[in-house]
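J.: Dumping the structure here so I can ask a few things about it.
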Amino acid sequence: MNTNDMTVFIIDDDPKIRDSLKLIIELDGLSVEGFSDAKTFLEFYQPELRGCAIIDINMPEMNGLQLQTELNNRGFPLPIIFLTGHGNIPLSVKTIKAGASNFLTKPVSRKTLMNSINTALKEGEKQVAEQEENQRCQLLLGSLTEREKEIMPLLIEGLTHKIIAQQLDISHRTVEIHKSNILRKTSSKNLLELAQIVTIGEALYPNTKE
């Protein structure tokens, strides 16, 4: 995993905690950005920035849970590690269910912290790759004409060209031409690959067929 363009974002209102974490993390060669509150971080962060966030639970104005909710609402693929001095099991379960990578309590050992960060960074890379694949599939599907979108699910369903032609009141040859165009536009070698693209694209954009 290449971490050169990744950043660990620390959001904690305690400057001593921020400085301590920054020192530990930078010793492993990672870039670090610190923020004293959630609002400042949200004003700075852009979704193209890769890495993970270490967030304190108890902060003024917007706490860590509210920040997690806001990041989720904005669709930002940023793995979160909660680090707090006031943790409990129900709270940790709540944050993990909401998508947090880990929930740690202060004080935390350097080994535990770095293991959690490395895991979060890997999760982030996976999320980015999945998001890019989703967008690629959606772009491919979006290049199809309305008629091609009408024929595509029938092909995937396994209907013969003859049956599709009868259902749509078009010629057998027209179905063949549309099939060829669909496979070419979606960069699919066969109907199995096409079905996979449709599954990914429509999972993210369920109105693709409309």
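Laboratory data are not the source of any read-out in this text; all were calculated from the coordinates shown. Predicted, not measured: the structure shown is a model, and the values here were computed from it. Neighbour counts run over all protein chains shown; Cβ positions are idealised from the backbone, glycine included.
J.: Between Leu104 and residues 5 or more places away or on another chain, which pairs have amide H atoms under 5 Å apart, with H built 1.01 Å from N, and which residues are they?
T.: Phe82, Leu83, Thr84
J.: Okay, next question. Using amide H atoms built in the peptide plane, which far-off residues or other-chain residues are under 5 Å from Arg50 H to H?
T.: Placed amide hydrogens put Thr7 under 5 Å from Arg50.
J.: What list do you get for Val198, Val128 if you sort them by fewest beta carbons within 10 Å?
T.: Val128, Val198
J.: Under a crude label model (7 Å from the Cα following the beta-carbon direction), how far is Leu23 from Ser171 in nanometres?
T.: Distance between the two pseudo-spin positions: 8.0 nm.
J.: How far apart, in nm, are the 7 Å Cα→Cβ label points at Val108 and Asn73?
T.: 2.5
J.: Counting other C-beta atoms within 10 Å, which of Ser180, Ser143, Ser92 has the fewest, and how do the rest follow?
T.: Ordered from fewest to most neighbouring Cβ atoms within 10 Å, Ser180, Ser143, Ser92 come out as Ser180, Ser143, Ser92.
J.: On to the next question. For region 1-108, which GluC sites (Glu not before Pro) are both in a DSSP coil and crowded by at most 14 other Cβ atoms within 10 Å?
T.: Glu48, Glu61
J.: Still on this structure: Where does the longest stretch of the chain lie that holds no trypsin sites (Lys or Arg not before Pro) found in a DSSP loop with 14 or fewer other Cβ atoms within 10 Å?
T.: Value returned for the longest uninterrupted segment is 75-188.
J.: Still on this structure: Computed from these coordinates, which is Cα Rg over 2.2 N^0.38 Å: (i) 1.03; (ii) 1.40; (iii) 1.10?
T.: The listed entry that was calculated here is (ii).
J.: Arranged by the count of other C-beta atoms within 10 angstrom, fewest first, what order do Cys52, Cys137 take?
T.: With the fewest neighbours first, Cys52, Cys137 line up as Cys137, Cys52.
J.: With runs of 4+ DSSP H residues as the only contributors, calculate the mean residue ellipticity of the chain at 222 nm using -39,500 (n - 2.57) per run, divided by the residue total and rounded to the nearest 500.
T.: That comes out to -18000 deg cm²/dmol.
J.: Explain nothing, just the number: relative contact order of region 129-210, from Cα pairs under 8 Å at least 6 residues apart, as a whole percent.
T.: It rounds to 42 percent for region 129-210.
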